[in-house]
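The values are calculated or read from the model by the stated rules, or taken from the named source; none is laboratory data. In this text the structure is predicted, and so the values were computed from the model without any measurement. So basically every Cβ, Gly included, is an ideal-geometry build from the backbone, and we count neighbours across all protein chains shown. For the accessible areas, the whole protein counts, side chains as well, though only heavy atoms, and no ligand, DNA or RNA atoms are used. Shrake-Rupley method; radii C 1.70, N 1.55, O 1.52, S 1.80 Å.
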Amino acid sequence: MKRTVRLATLSLNKGKYDELYSVIKRYTDAKRVFVAHLRQTSLWRLLDRSKSFRDYAKARGLYPEGINVHLIDQAAFDAVDTCIRHIESCFARADIKAKTWRRFTDENERHYAYACLARYSAIGQIMGGGVPEISTVTTSLDARVKIAAYLHRVIRDALGSSWPTVVKARSMSLDSGLYSVADGDTPKGKTRRYVQVVSSTHHKRISLPLSGISRVSGNIRVVLDEEHQRAFIHVIYDVARLPRATGPAIALDWGITEVCTDSSGVHHGKEYGPALRSMTERRNKTDKARNRLHALSKKDAGSKRTKHIARNNLGTKKQQARLRRTKAQLQTISGATIKEVVYGEGNRTRAKKRVPQLPSQRPREIIIEDLSHLQGKAKSKNISRLCSSWARAENQERITVHAYVGGSGMKTVNAAYSSQTCPDPGCGYVHRDNRHGDVFHCRNPDWECNWQGDVDHVAAMNIASRIEDRQINRFTPYRE
Ligand SMILES: [Zn+2]
């Protein structure tokens, strides 16, 4: 498993930032030309190997003068990558593979169609009206003509007139030949790590100080952060796995007042609630104020005062910066909490090897709710659905990575009604009256069950038991 990690540089002075911008600009200009060229389907035969397109572009004189050739090679690879991703996403959206499968029933015909879809050279040929020959498949010419015509039509419809455009100079990708890493000392005697990247001047490198001392190797991407006049270095790490976990399985219920509650009733990450609440409250308050000002400026359109309001009170720059800050704060809390759940209490310092790692301290299986069934779960009117669903999706993604690293299995189950269902295996009574705010109290009218407890704990217990449940499987629609 690979994972991209984003490392920030310190703020760069204007000269350095401009230098970095200028090299990224030249890279982007080249990439733009490449991507535009690759719109011709006759060139798609070059997409199967990124080096073929690089050689073509070089031979055709598409390379700009006076700049490191290897950097432009990277721009060529990057362009190929962008185009492939675009084509693939169009194909996926139009469901081309499934359509083709349904359309042709003969085994050989399907084989031929899939072989064409797996090769950009074949796709390019089909788009040019040709009928590709695939050496590993034996199909009659008639059948091939028929399939090619079909694929031509569905691919044309899938792509429409869309093609990627490279507008802003924001990032460049570098292989290990185009940068180096060096360490220096700060005035306080600590280590400072620098990534020295290629510039647009011959033999000159731009030295970017990192804010931490993470390992930088392999292919990296340098991304400009205009707002803070700095850059991010995206590094791809290979994720190493710990030995397979053997501890008891746990189920989690994502929360709003805390990050999650597990099936033994422990609430994890209680600092989460206040942060999420203040984010929402602040948002509601400023939204109200903004709406008032909007209404005001509508009444009084074109006046000096309206223009003043539009400029000073209705901008989105500060609003977005604030949102980013709060999100970062929430991410810090949930990140630490999820690590604690996956690696065990106190194991946050795992990276520094202060805590011994016993497989029995980590859950052998982590069971979580399936996020496609969230509609019914908004627990609080004060927390906007938008915030909480954003946070859940983030948490879900994060725990997937950590569970992988920690050697735990992962299962998702349908969480519909998990907080309204009695967790007693002999009862299982479902009713919304079972729940009053944070308290669960079973109201089964048939006998005196009276099971009582914390509602999040109940939800987590139900999630845990559903792993065995056949009645509510993962695909049961919420309303059922
Ligand atoms: Zn009950």
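Below are the figures for this structure:
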item: Sparse-neighbourhood loop sites, GluC sites (Glu not before Pro) in the range 212-269 - DSSP loop, at most 11 other Cβ within 10 angstrom; result: 226, 227
item: The range 26-69, accessible area per residue, ligands and nucleic acids excluded (1.4 Å, Å²); result: 53
item: Column: log10 I(q)/I(0), Debye, Cα scatterers of the range 97-253, q = 0.20 Å⁻¹; result: -1.15
item: Shape call, the range 168-307: gyration tensor on alpha carbons, a/c limit 1.5; result: oblate
item: Heavy-atom surface of the range 95-159, accessible at 1.4 Å and reported per residue (Å²); result: 54
item: Cα-projected label distance for residue 264 with residue 42, points at 7 Å along beta-carbon direction, nm; result: 6.9
item: Long-range HN-HN contacts of residue 230 with modeled amide H, under 5 Å; result: 12, 225
item: Distant-in-sequence amide H partners of residue 216 (H built 1.01 Å from N, under 5 Å); result: none
item: Förster-model FRET efficiency, 56 Å R0, residue 313 and residue 161, C-beta, rounded to 0.05; result: 0.90
item: The chain, accessible surface, carbon-and-sulfur percent (1.4 angstrom probe); result: 50
item: Set 14/168; 14/188; 168/307 screened for pairs whose C-alpha atoms are more than 27 Å apart; result: 168/307
item: Calculated [θ] (222 nm, deg cm²/dmol) that DSSP helices of n ≥ 4 give over the chain, each run adding -39,500 (n - 2.57); result: -14000 deg cm²/dmol
item: Additional length obtainable on full extension of the chain from residue 4 to residue 424, 0.36 nm per residue less Cα span; result: 146.9 nm
item: Kirkwood Rh in Å, taken over the range 95-159 so that all alpha-carbon pairs contribute; result: 11.5
item: Residue-by-residue Karplus 3J(HN,Hα) for the range 194-209, coefficients 6.51, -1.76, 1.60, Hz, glycine and proline x; result: 10, 10, 9, 9, 4, 10, 7, 9, 4, 6, 10, 10, 9, 9, 9, x
item: Counted charge near residue 55, where neighbours are those whose Cβ lies closer than 12 Å (Asp, Glu -1; Lys, Arg +1); result: +4
item: Residue 58/residue 324 FRET efficiency (R0 30 Å; Cβ-Cβ; nearest 0.05); result: 0.15
item: Karplus-derived 3J(HN,Hα), 6.51/-1.76/1.60, for each residue of the range 181-186, Hz, glycine and proline x; result: 10, 9, 10, x, 10, 7
item: Whole-number percent relative contact order across the chain, with pairs defined as alpha carbons under 8 Å at least 6 apart; result: 15
item: Karplus-derived HN-Hα couplings along the range 287-293 (A = 6.51, B = -1.76, C = 1.60, θ = phi - 60°), whole Hz, x at Gly and Pro; result: 4, 4, 4, 5, 4, 4, 5
item: Gyration tensor verdict on the range 191-273 (Cα atoms; rounded if a/c is under 1.5, prolate if a/b is larger than b/c, oblate otherwise); result: prolate
item: Using a Förster distance of 35 Å, the FRET efficiency for residue 186-residue 278 (Cβ separation, nearest 0.05); result: 0.50
item: Per residue accessible area of the range 389-435, 1.4 Å probe, in Å²; result: 40
item: Amide H partners (placed H, <5 Å) of residue 362, local residues excluded; result: 246, 247
item: Cα-based Rg of the chain normalised by 2.2 N^0.38 Å, two decimals; result: 1.22
